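A short write-up of the structure that comes next.
The values are calculated or read from the model by the stated rules, or taken from the named source; none is laboratory data. Please read these numbers as outputs of a predicted model, since none were measured by experiment. All Cβ positions, even for glycine, are placed from backbone atoms using ideal geometry, and neighbour counts span all protein chains on display. SASA here: full protein model, heavy atoms, side chains in, ligands and nucleic acids out. Shrake-Rupley method; radii C 1.70, N 1.55, O 1.52, S 1.80 Å.
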Amino acid sequence: MADTAMETGTGAAAMKVSDEVAIQITDMNKWYGDFHVLRDINLTVYQGERIVICGPSGSGKSTLIRCINRLEEHQKGQIVVDGIELSNDLKNIDKIRSEVGMVFQHFNLFPHLTILENCTLAPIWVRKTPRKEAEERAMHFLTKVKIPEQADKYPGQLSGGQQQRVAIARSLCMMPRIMLFDEPTSALDPEMIKEVLDTMIELAEEGMTMLVVTHEMGFAQAVANRVIFMDQGQIVEQNEPREFFNNPQSDRTKLFLSQILGH
Amino acid sequence: MSDTHAHTVAYVRDTMLPPEVPPAAERGVIRWMRANLFSSWFNVLLTILGLAVLWSLLAGILPWFWNSVWVADSLSECREIRDALHGTGEEVSSACMAVITERWNQLLFGFYPQDLYWRPVAALIVFLAALGPVLFASVPRRLVWFTAAAPFLMYWLLWGGSIGGPLAVALGFAAAWGAFVLGSRFSGALAATIGAIVVPLLYWLLLTGPVAGLIGAVIPIELQFVPSKDFGGFMLSFIIGVAGIILSLPLGILLALGRQSNLFIINKCSIAFIEVFRGVPLIVWLLTASLLLNYFLPPGSNFDLMLRVIILVTLFAAAYLAEVVRGGLAALPRGQYEAADALGLDYWKAQRLIIMPQALKISIPGIVNTFIGLFKDTTLVVFIGLLDPIGMSNAIRADTSWQGINWELFVFIGLLFFICCFSMSRYSQHLERRLRTDHS
Ligand SMILES: Nc1ncnc2c1ncn2[C@@H]1O[C@H](COP(=O)(O)OP(=O)(O)OP(=O)(O)O)[C@@H](O)[C@H]1O
Ligand SMILES: [Mg+2]
């Protein structure tokens, strides 16, 4: 899969994908009570790969990426992140969580802390980084997402787009090897979507491993190595973006694409 | 856009308007009065009615207070002085505040030895100083060490005795901390938590006595011992109230967390505790404290009644606080827990840094409400024979020279409680304002 992605790369900056496996999901199943949300998921993500996950509402996209950092527990199968298998061992879970950054649809910034404190909290308390160093790093990433001047404000005083960029910076401050994005732009007004996508594109160009649940097909075409289409808790189709959009194989994918690109 | 309108629609402003002061009728006292007191006929009527009620109240109270007699030895002497001043003809209302000037020491300190009054006063000063770093952001953080040491210092000032006692008790907290650190290093967070609870309890029950003796022998500093039975007056209420408030908050938070916990035993125990303590009247708990608690404690541990009352008041208030805090926890969006988890914060760090600061902030009004309730409920201890201000006032009114006096004592006691409760209320409003982060 990774090889095909490399050969047919869509021209986004550096498309280097290594053979090193970042995430390995094997025969994974999950139920909510009796409801079978995820069915026999098999997925290998290589270091440096950018994967876009799309699919109709309720198809289990969020659940899938939330299983990767154990916000949700799977009941069957195996998930290995960075060589560590996710099990009930709390030590492993904390270790994986500090390697995997996550950006949420509704930002989930901590409203009682300033932007800077939001960014330094986890490095200081989880990674035991000295405060000064953590603050320098936070300012570095805030500059990168282009809002260093907001560092002393509170999240409630920022626009949605700014908050989402802070959320990205907050995750980056933990120096994660993998970033998960769950519909990062779908709670934003159109004019703010671009600023967040630009930040994400920049991140992709630096070679971050990214799993992005999104309906921004332009983003998928620009940076993804692979697009995954999910329906009813299963991976229905996956392909490199150009093939995926121009030549979808399954009827469900065609229907979905016609609905999402149709208007 | 139709052609006919095109030339009228296009418009560019070339001078910007400066801001202006609102017109006179829209400003100041007159405007306020018109808007709030005389906006309609009905409102005018209410205003007049309100003024009349206010007038009749003040007309009754002010002369009573204004004509107070401040120096006298008994109620009858008060009456004589009043009659001498105002003539015996008509009844002039006059307060006999002499009872306060005569007996203030009992109302404030009970039977605490007169020559040692400086000790409760010093303890009060220590208390107020210790509050600084906790209550006000402008006080340097480093002073929390003083705050941590203050309870032991205050205990020693109030009760006296060898300095070994409070130091030995303080060591229990050090033991708890040690157990927690060792527990979390060598096994899980759960073991650490259990260790941090069990180790100090065992230490306090079994070892404090000998350790206190040992320290006392090494550092022979001693204050004259004052037994709890000499404590009384407002000082007693204040000690019970403050101790209850300080101890019940952490316990209430732990109970609220316990009630939310997924661990079956902890969850059920917390629920049982909360429901039992909340469901039984405080007075029953106080009677339990005075009569029954000795049966449950290990033989030989002769627990001081005041300490027992503090424990039960604390447990009672903690049950209420747990529910208040739970309300705050429930109001937090799930995303906050998820973001904390996703960043790799463990349970206690997430609680301490993310969840509790927000949940407690939401719960401030409810928490302060509970605190105020607790503080006033300390007057119930009069029913188990402790001489709180009400108990003292009963004793004073039983004295032949002050028989028949009521209002002056109750006004004084009420005022003391009001000052404390009103301060708490004002502080909570200040805190809510300070913690607001949603506006610039
Ligand atoms: N905590 C839960 N308990 C029970 N069912 C749930 C829970 N969370 C999600 N579900 C169900 O699982 C299914 C998958 O949900 P999920 O949030 O993963 O969908 P999604 O693909 O992310 O959809 P969307 O595009 O709307 O975000 C949905 O049918 C949803 O109703
Ligand atoms: Mg979703």
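Tabulated data
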item	result
Total residues in region A:22-45, condition within 18 Å of the chain's Cα centre (by Cα) and free of Cβ contacts under 8 Å to residues at least 60 places away in the same chain	3
Pair list, Cβ under 8 Å, 6 or more apart: region A:55-74 residue without any contact (Cβ under 8 Å) to a residue 12 or more places away in the chain, other residue more than 9 Å from ligand 2 (Cβ to nearest atom) and not small (G, A, S)	none
Sole residue being part of a helix (DSSP H, G or I), touching a residue at least 24 places away in the same chain (Cβ under 8 Å) and among the small types (G, A, S), chosen from B:G183, B:G195, B:G216	B:G216
Number of the condition not met by A:S186 [criteria: (1) within 16 Å of ligand 2 (Cβ to nearest atom); (2) within 11 Å of chain B (Cβ to nearest Cβ); (3) at pLDDT below 95]	(2)
All positions within region A:222-248 that are buried (at least 18 other Cβ atoms within 10 Å of the Cβ) and outside any strand (DSSP E or B)	A:A222, A:V223, A:A224, A:N225, A:G233, A:E240, A:P241, A:F244, A:P248
One residue from B:S76, B:S68, B:S39 being without any contact (Cβ under 8 Å) to a residue 40 or more places away in the chain, open to solvent by less than 100 Å² (accessible area, probe 1.4 Å), hydroxyl-bearing (S, T, Y) and within 18 Å of B:S93 (Cα to Cα)	B:S68
Scope region A:32-76; condition open to solvent by 50 Å² or more (accessible area, probe 1.4 Å), more than 22 Å from A:P248 (Cβ to Cβ) and near ligand 1 (Cβ under 9 Å from one of its atoms); matching residues	A:Y32, A:G33, A:F35
Matching option when the condition is at pLDDT below 85, open to solvent by 50 Å² or more (accessible area, probe 1.4 Å) and among the aromatic types (F, W, Y), among B:F152, B:F186, B:F180	B:F186
Some residue of region A:48-62 being away from chain B (no Cβ under 14 Å), among the basic types (K, R), under 29 Å from B:R436 (Cβ atoms) and not in a strand (DSSP E or B)	no
Residues located in region B:103-142, provided they are open to solvent by 80 Å² or more (accessible area, probe 1.4 Å) and aliphatic (A, V, I, L, M)	B:I125, B:L128, B:V134
Scan of region A:68-83 for residues that are within 13 Å of chain B (Cβ to nearest Cβ) and not in a loop (DSSP other than H, G, I, E, B), ordered by number	A:I68, A:V81
Tally of residues being part of a helix (DSSP H, G or I) and open to solvent by 50 Å² or more (accessible area, probe 1.4 Å) across region B:260-270	6
A:K91 vs. criteria more than 8 Å from every other protein chain (Cβ to nearest Cβ) and in a loop (DSSP other than H, G, I, E, B)	no
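One line per residue, one yes/no per condition, for (1) of a type outside the set (V, I, T); (2) away from chain B (no Cβ under 14 Å); (3) away from ligand 1 (no atom under 16 Å from the Cβ); (4) surrounded by fewer than 24 Cβ atoms within 10 Å (Cβ to Cβ):
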| residue | (1), (2), (3), (4) |
| --- | --- |
| A:A151 | yes, yes, yes, yes |
| A:F181 | yes, no, no, no |
| A:M192 | yes, yes, yes, yes |
| A:L203 | yes, yes, yes, yes |
| A:T214 | no, yes, no, yes |
| A:G218 | yes, yes, yes, yes |
